[in-house]
Amino acid sequence: MELGLVLRFLVTGIFISETWTHGRPGPMSSECLENFLRITLRVEYFEDKYLSFSAVDQSGIAWELDEALASQCGYTVTYSSWNNIEFRASALSCHSRLEKDTFTVTIQVKASHTPDMKNASIHLKSASCHYGPWSLRELLCETNYMEVSVRRDVPQTVKDLIQEEPEDWTLAFPEAKSGEASIWQTVFHQPEEKRALLVSDAWSAGYGLNTTDTRILLRVPYNTAQTQLAQGITFSAVRSSTFYKEQWMILMVDTAVACPVDGVDYTNKMIIWTVPKYIQALCTGATSFKDILVEAGVNLHKLSVEEMASRKYVLSNDFDVITMKVPIGAEGGYYKTSVNSGQHGTRYCINLFLEHQWEDNKWGLTKHTIIKEIETPFELVELTVTNNSNLSARIMNVTVGTFLLDVELVNLTVEGATVTVPEAVQHGYQTYEIKYANQSKAYVIHVSFDAQSIKKEYLRDDIRTYTLNVTLEFIIHPTSETFSVPIVTLSAVKDAVLPSARGFCDENSLHLHITHGNVDQNWMPFISGRHLTPGAAEKYNYSLSDNGTHLAISVPFLSSLLDYEEIHTSGVLASLHLTLKDGVTLANKNFSVSCRFSPSELIQCFPNGTVVITAVKLVRLADLDTSLLVLSDRNCKPSLVTEKTATFKFNVNTCGTRRKFNSTSITYENEAIYFRPGNDSPVYKLKFVCLYTIKQTVDVRYETKNNPSSSIKPGFGSLDLSLKLFKDESYSDLYQELEYPVVKYLKETLYFEVELLQPADPRLELNLEDCWATNSKSQDSLPQWPILINGCGNSKDSHRTVFHKVNYSTRVKFPQHLKRFEVTMFTFIEGTTQLQKQLYFHCSVVICSTMPQPSDFLCQRSCNPGKHRLDRSTEPQPHGQASSGAVLIRKENMTGREAFFSPLCR
């Protein structure tokens, strides 16, 4: 193939050191082909080098060839099959040395690694070839020029010449006397005019003119020729007459030349090359023709009839045309890689030549040699990508091909970044070239499954897919065309490790700790359709953290993210259901944890009589609207509502709360109820119980009844009592903790107040039972001195107890919760011994309803002088005890009667 006659170019190929090796050809070889010398440069000696060509004349001067000079002087440079470079020289090229029947051509080749040709290595090649015998007229159609050479003879008379072209003679004759024995000028016959050029002007116009002892030569580049049609074939033609002086005569020679520029068709995988036999530009003045020889060949080698038949070539010599048929892909040609619109394909190339010899009654014998480089249209070639991945070694092994040898892999594009083949190693990509015996090759890509650029996706079960997505960029030599091949291959491997979870609960929350597998890179956590993100954690009251190996999720017991399955005596069953969703494949993985919780989070009984209860929505009541939940008094609605819960806050004496008494506690009961709109029968009841006890703790349990009722029993609080000592009967100045023990003398008065501190229920009333004094903090220590018996003063005490009425004040919100009395100090004796020590005072109380039952004598009556309660209530009532701090008794001289009491053993 012709290089477009750019004679300085970069050669690329497989590098072999430029040395002469025994038994192997050197960097250049030569071959004589009739009237041509062909010098072949082996590409492997000039890999990655820029080349320039020069022709060396007989004086040793090197003439560097460019496109114009090459076509003027009879030189051609092409690439032959498999990237060898071919230099052809005509026997009559400008710088040939002619000796008898031999011509010698010397060329110089410079090779450099840089386009400026610095530090170039120089290679010389000289070869001699035999030429002749020559026909009277020889015509040559090379790929970049046309050439005609005519034998010059001295005729007996110039009459016939002058008569044949009298106008040409007329133009030349005035200058005849000054002409030399050489080419003098040429007249070009153009359609619009005839143009006469001196030798120097013709060279400047791009023509090549030369003469030998026996021949005159004209060489015409195709771009300076005219075109014409012959039998439908386009020809490039020049009609010219060349004048030269021989002795006293001016001689004229017909130097017309014509070469076909098309005439090639492609039909049914066949190349059909048609050449007209007799072209008008070459046959002017002739009236009779006779074929002498028609031969054809490949690469300037003639083929015999047998050789052509073996290759299935067909050569036809008809009356007016010569036709040559060559199967596409036949021996003698070669395929080369080509690119069309970015697509990879091939073209079949073959360098045919045709030699036609004929005789006519003007010229005698004419030999017309036509060299035709034929290239078939582009044919798309699908490339095969074969995945031979080694699953056990976890290596992706992809083979891409097949390619012709003129293709080279130069770049890889990985994750949008383009890198050279050597640089790709740093990204984990190894590339290998495989050559086959049929002059083709393939490329192999090796990359680990674990390379960063390999995309990993969970498919199903324990299978993951590994995707190689890389684009290979190739270059074609010598044209430097490029094309890309995208590679996307998948390998399925049974190595998926799915996420696993551990669920647990503490007193307040449910926890899921998920261990990452190797398939959840794109998986996102969802609960109840909500995507869990750190930003949403505050809104939905959960915590979310990920340390790279574990995903930890914690959700409190009362959260809209939970599902409440049931309420049972063993607790409230709450469940956390979490789904991991793959954002790409939409695969799901579900996890859950369920735990039972105590009711402490559902019911809070505060000492001041405030109750906060939370009703939860059960899974079986999916349509329950928590905002429509009410208490026993349907006017009591929730103060806080979420999708799954309703929270009520109320006092124990409101919202239809019911109350019960026993000997140690007071019980408050209520229930959350749900009615579907338009229906008076509840579908949901959740009973809540608050249990206030005196100085003891109650376990909290659940119990579930048949639908729709559910119960929680009980929450708990405490009945808080106090026995306080005041400084005077105004009951406004209380002895503080730091003032104990309080020092008192005989006959001084002690002012006591007993109070029900909690709960703050106005329906409750405190009544006194017994009050007594002891020497120690223990209420049961002996001896004991009675102060009140059955709510009344000790009848044996001469200094009777005085009760004080309690009125409402800013300090006293519920007077019925207090009892006040005063006691005058006396001398405590044990036997006949007077004691002077500290005393502790104690009282037992009973908690009654402000609306007592008829049978409750204790709660119905208050103490009146001279009356005692004869009986206690048959109904149990809560009882409690309260004690004061220490009172230190000091003796004092008394002018009046001293009071003495004997201790009461209880």
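The values are calculated or read from the model by the stated rules, or taken from the named source; none is laboratory data. Because the structure is predicted, anything quoted here is derived from the model rather than measured. Glycine also receives a Cβ, built like all others from the backbone with ideal geometry; neighbour counts cover every protein chain displayed. Only protein heavy atoms, including side chains, enter the accessible area calculation; ligands, DNA and RNA are left aside. Shrake-Rupley method; radii C 1.70, N 1.55, O 1.52, S 1.80 Å.
Residues in segment 281-296 that are over 20 Å from V257 (Cβ atoms) and among the small types (G, A, S): S288, A296. Do you know which of the residues in segment 260-272 that are touching a strand residue (DSSP E or B) at 6+ places or on another chain (Cβ under 7 Å) and of a type outside the set (V, I, T) is most open to solvent (accessible area, probe 1.4 Å)? Among those residues, the one meeting the criterion is K269.
Just name the residue that is farthest from V238 (Cα to Cα) out of those in segment 273-287 that are surrounded by 16 or more Cβ atoms within 10 Å (Cβ to Cβ) and either β-branched (V, I, T) or free of Cβ contacts under 8 Å to residues at least 40 places away in the same chain (or both). Here the answer is T274. Looking only at residues in segment 295-314 that are assigned to a strand (DSSP E or B) and in contact with a Lys or Arg (Cβ under 8 Å, 6 or more places away or on another chain), the one that is farthest from L33 (Cα to Cα) is V314.
The listed residues are Y429, Y466, and the only one of them that is aromatic (F, W, Y), surrounded by 15 or more Cβ atoms within 10 Å (Cβ to Cβ), touching a residue at least 24 places away in the same chain (Cβ under 8 Å) and in contact with a His (Cβ under 8 Å, 6 or more places away or on another chain) turns out to be Y429.
A residue that is at pLDDT below 90 and on the phi > 0 side of the Ramachandran plot occurs nowhere in segment 304-325. Filter segment 140-153 down to the residues that are in a strand (DSSP E or B) and charged (D, E, K, R), then identify the one that is surrounded by the fewest Cβ atoms within 10 Å (Cβ to Cβ). So the residue we want is R151. For residues that are open to solvent by less than 30 Å² (accessible area, probe 1.4 Å) and polar (S, T, N, Q), scanning just segment 112-139, find the one that is farthest from P221 (Cα to Cα). Filtering segment 112-139 for residues that are open to solvent by less than 30 Å² (accessible area, probe 1.4 Å) and polar (S, T, N, Q), the one farthest from P221 (Cα to Cα) comes out as S112.
On inspection, V398 qualifies as open to solvent by less than 10 Å² (accessible area, probe 1.4 Å) and either closer than 30 Å to S448 by Cα or part of a strand (DSSP E or B) (or both). Just one of (1) touching a Cys at 6+ places or on another chain (Cβ under 9 Å); (2) open to solvent by 70 Å² or more (accessible area, probe 1.4 Å); (3) more than 23 Å from K837 (Cβ to Cβ) fails for L782. It is (3). Quick one: in segment 536-548, of everything that is outside any loop (DSSP other than H, G, I, E, B) and open to solvent by 70 Å² or more (accessible area, probe 1.4 Å), which residue is nearest to V584 (Cα to Cα)? Taking the candidates together, the pick is D546.
The numbered conditions (1) modelled with pLDDT under 85; (2) of a type in the set (D, E); (3) in a strand (DSSP E or B) are all true for E765 except (1). Among the residues of segment 288-299, those that are open to solvent by less than 20 Å² (accessible area, probe 1.4 Å) and either closer than 20 Å to S135 by Cβ or in contact with a helix residue (DSSP H, G or I) (Cβ under 7 Å, 6 or more places away or on another chain) (or both) comprise A296, G297. Residues of segment 54-72 that are under 18 Å from F103 (Cα atoms), of a type in the set (S, T, Y) and open to solvent by less than 20 Å² (accessible area, probe 1.4 Å): S54 alone. Taking the criterion of being assigned to a strand (DSSP E or B) and closer than 14 Å to V275 by Cβ, the residues of segment 315-327 that qualify are L315, S316, N317, V321, I322, T323, M324, K325, V326. If the condition is being in a strand (DSSP E or B) and modelled with pLDDT under 90, then segment 218-227 contributes Q226, T227. Of all residues in segment 404-424, those that are in contact (Cβ under 8 Å) with a residue 60 or more places away in the chain have Cβ atoms under 9 Å from Cβ atoms of residues that are of a type in the set (K, R), 6 or more apart or on another chain, in L404/K336; L404/K441; L405/K435; L405/K441; D406/K336; V407/K441. For a quick check of your reading: which strands (runs of 3 or more DSSP E) sit entirely within segment 585-702 and have at least 2 residues that are under 30 Å from A501 (Cβ atoms)? Because the criterion is at least 2 residues that are under 30 Å from A501 (Cβ atoms), the strands (runs of 3 or more DSSP E) in segment 585-702 that meet it are 588-597, 610-616. Of all residues in segment 137-172, those satisfying the criterion of being modelled with pLDDT of 90 or more and either at positive phi or not β-branched (V, I, T) (or both) are R137, E138, L139, L140, C141, E142, N144, Y145, M146, E147, S149. The set of residues in segment 609-625 that are of a type in the set (V, I, T), crowded, with 21+ Cβ neighbours inside 10 Å and within 45 Å of the chain's Cα centre (by Cα) contains only V616.
Residues of segment 183-198 that are surrounded by 14 or more Cβ atoms within 10 Å (Cβ to Cβ) and either of a type in the set (S, T, N, Q) or not in a strand (DSSP E or B) (or both): Q185, T186. Does K435 satisfy being closer than 26 Å to V43 by Cβ and in contact with a strand residue (DSSP E or B) (Cβ under 9 Å, 6 or more places away or on another chain)? Criteria met by K435. Taken together, the residues in segment 432-463 that are open to solvent by 70 Å² or more (accessible area, probe 1.4 Å), in contact (Cβ under 8 Å) with a residue 40 or more places away in the chain and either aliphatic (A, V, I, L, M) or in a strand (DSSP E or B) (or both) amount to 2. Screening segment 469-513 for residues that are part of a strand (DSSP E or B) and among the polar types (S, T, N, Q) and picking the one that is most open to solvent (accessible area, probe 1.4 Å) gives N469. Looking across S855, S873, S902, S798, one residue alone is within 14 Å of E765 (Cβ to Cβ) and at pLDDT below 85. It is S873. In summary, K660 fulfils each of the numbered conditions (1) touching a residue at least 12 places away in the same chain (Cβ under 8 Å); (2) farther than 25 Å from D563 by Cβ with the single exception of condition (1). Using beta carbons and a limit of 9 Å, which pairs, at least six apart or on different chains, have the first residue in segment 328-341 and without any contact (Cβ under 8 Å) to a residue 40 or more places away in the chain and the second one open to solvent by 40 Å² or more (accessible area, probe 1.4 Å) and in a strand (DSSP E or B)? As it stands, the answer is G332/H301, since those pairs meet every condition given. Within segment 514-535, the set of residues being open to solvent by 50 Å² or more (accessible area, probe 1.4 Å) and either touching a residue at least 40 places away in the same chain (Cβ under 8 Å) or assigned to a helix (DSSP H, G or I) (or both) comprises Q521, N522, M524, S528, P534, G535.
Scanning segment 653-677 for residues that are open to solvent by 20 Å² or more (accessible area, probe 1.4 Å) and in contact with a Gly (Cβ under 8 Å, 6 or more places away or on another chain) returns a single hit, N653.
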